[in-house]
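Encoded as structure tokens, the structure appears first; notes follow it.
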Amino acid sequence: MILQRSVCRNLNKFRNLYSFRQYSTIASTNENTLKIENIKNKLKDAPNLSEFIKLEQQKNTKIDEKDNGEVYIPPPYLRNSEITGEGRRVYVESYGCQMNFADTEVINSIMKSSGYQITDSDSNADVIFLNTCAIRENAESKIWGRLSELRAQKRKLKNGQLLVGVLGCMAERLKQKLLESEMKVDLVVGPDAYRSLPSLLSAIEDGEQQTAINVMLSADETYADIAPVRTSQNSVSAYVSIMRGCNNMCSYCIVPFTRGKERSRPVQSILEEVKQLSEQGYKEITLLGQNVNSYNYLEEEHHVENTEKRLPRDGFNTIYKSPKKGVTFTQLIDQVSLVDPEMRIRFTSPHPKDFPDDLLHLIKERPNICKSLHIPAQSGNSNVLKNMRRGYTRESYIELINTIRRVLPEATISSDFISGFCHETEEEHLDTLSLLEYVKFDHAFMFYYSLREKTHAHRTMKDDVPLDVKSKRLQQVVDTFYRVLKQNTHKEIGKKHLVLIDRISKRSDKHYIGRTDTNKKVIIPNHFKDSAEPINVGDYVLVEIEDGSEITLKGNPIMKSSIEHFQQYQHKKVMINEN
Ligand code: SAH
Ligand code: SF4
Ligand code: F3S
């Protein structure tokens, strides 16, 4: 069918009526989605397709000057995505954790396959999405500030020329409130509803609605079939999302409310994505999930026959009932690490309860699974941990760390900490400092407690540590961490590491930045001392550490290497010229 462009643009209206029709069944289960009654009324009077085209052609005798007058449009029984977008530019700005950054790649993919163009600048965008975080109050304040800038940008343009959408965790947390705010937000879409972005957006673009919202959480959405459009600056490292959601309900945390229940992506789709990344030349992947090592994929047959439960590590508990045991994280990462022995595998963010011994032994055995483990402690005091509902004590956490040190002596360990949680006493806080001294973390994310509405702590506890005390304790945590870290980095001098080169240094184009297997940042000159062989981004280079006085190590590149070569070198099976 050949139609005028202006007519087919208006066909979106027709399509919207269709998508509303599908949508209304979903929407009727949730008071926060579209206004059902309005939609139903619209549907009553909706024309059929041929009536609609006739009406539109009568209205539009003038042909758009921009195009040649005639374009092909597929009939509307094809997917919504086939007839939207029209090259309009979408810019997605990401905030928060790596999961959000990975989601942005999924969003880009959805928008692109709906005919939108992805742009890396907000200045020429027709649509700006903020993919937001709600973890702490200041994460949200940042978004409010940005929304106010965008409101000013919208005012400068003619009405409707720029659409602003709030996606992600803050969208899920605040829902309708974002539309009711004074920020002129057009669209609000939660983390499990990104597939509906194109249809919601075009409903607004076509004037069917002024604003749109979909914040439905899902029990099974993993976006497994969507090939992410990579946004990473280099093509060395990529994220691979393997599970979503969180069942843990730590008393301070909003994530279970914004991300919904845990669900795992099918093994096969993960392996296929990893294979593709390896073929494209990626050298490092990070498996992602809110509780990445709680991965538990139940295949059909497991549902029927299996009675075995997936249990946490001894000494760790959950507040939820143990699920049936499916494909575990250990089994998954085993398969993932075999796809390409020269590709590094990392994973984040794990939960301490799901580090069984077989996982630690697998990490030891596989040279391409990185020896750097994130094991969020949150606090070093058992009573605070109990109030936080973390499901472990100081002792069981330390037992895990001791086991790791025994099995993986070279591994680096990182953590998250919250200072000033409800009822935390000075003495309890000191236990966190002593844990920092004991474990000697190589990396840490440190925060003070920020009350989140709806959480268990909000409902049952008092946020009774004054702000100045919270800040003071946080500062002590930070100081202790850096003091210990200094000792760790000093010990690196003289060691040899396999460094994967990530990028050219921002400070000097004569230097490269790379990372060790243990996730330490290393800066090296961009050439070898005694060889003209070039070093490139994406190369594995054997590096001797020369200076460890700063957090970033300084090293001297010795030779190009590989995971296999480095392993042989470590086992003294190959010699190198060290001059
Ligand atoms: N699933 C991960 C954490 C994801 S949230 C885990 O359990 O380790 C990232 C970190 O934000 C948490 O580890 C915690 O340290 C911090 N955090 C979460 N809620 C917070 C709150 N209300 N106030 C301050 N920090 C918080
Ligand atoms: Fe939040 Fe706890 Fe879940 Fe981590 S495990 S996302 S801290 S509720
Ligand atoms: Fe923030 Fe949501 Fe991640 S609250 S930390 S973006 S899961």
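Where a number appears in this text, it was derived from the coordinates with a stated rule and is not lab data. Quick caveat: nothing in here was measured; it's all calculated off a predicted structure. Here the Cβ is made from the backbone with ideal geometry for all residues, glycine too, and neighbour counts use every protein chain on show.
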Checklist entry - Packing-wise, with mean Cβ within 10 Å as the measure, how do 188-197, 387-396 rank, highest first? => result 188-197, 387-396
Checklist outcome for this item: Yeah, region 332-446 with a ≥ b ≥ c from its alpha-carbon gyration tensor (a/c under 1.5 is rounded, else prolate when a/b outruns b/c, oblate otherwise) is prolate
Item to check | Net charge of neighbours whose Cβ lies under 15 Å from the Cβ of THR222, counting Lys and Arg as +1 and Asp and Glu as -1 | outcome: -4
Item to check | THR412 long-range amide H proximity, modeled H, under 5 Å | outcome: SER372, LEU373
Item to check | Per-pair calculated FRET efficiency, R0 = 30 Å: ALA224 and VAL407 via Cβ, rounded to 0.05 | outcome: 0.40
Item to check | Most to least packed among 165-175, 270-280, 332-342 [average Cβ atoms within 10 Å] | outcome: 165-175, 332-342, 270-280
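Given the Cα-Cα distance of SER235 and ASN556 and 0.36 nm per residue of separation, how much length would full extension add, in nm?
Stretched out fully, the SER235 to ASN556 stretch lengthens by 113.2 nm.
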Checklist outcome for this item: Quick note on THR258, THR403, ordering by fewest other C-beta atoms within 10 Å, gives THR403, THR258
Next on the checklist: Give me the extension gain from LYS275 to ASP509: residue separation times 0.36 nm, minus the current Cα-Cα distance, reported in nm with one decimal.
Outcome noted: 81.0 nm
Next on the checklist: What distance in nm separates the two pseudo spin-label positions at GLU427 and GLU564, each 7 Å out from Cα along the beta-carbon direction?
Outcome noted: 5.9 nm
Item to check | Residues listed by number, region 483-504, amide nitrogen under 17 Å from GLU342 label point at 7 Å toward C-beta | outcome: 498-502
Checklist entry - Sorted from fewest to most neighbouring beta carbons within 10 Å, what does the list ILE418, ILE551 look like? => result ILE551, ILE418
Next on the checklist: For the ranges 466-475, 435-444, what's the packing order if you count other beta-carbon atoms within 10 Å of each residue, average per peptide, and put the highest first?
Outcome noted: 435-444, 466-475
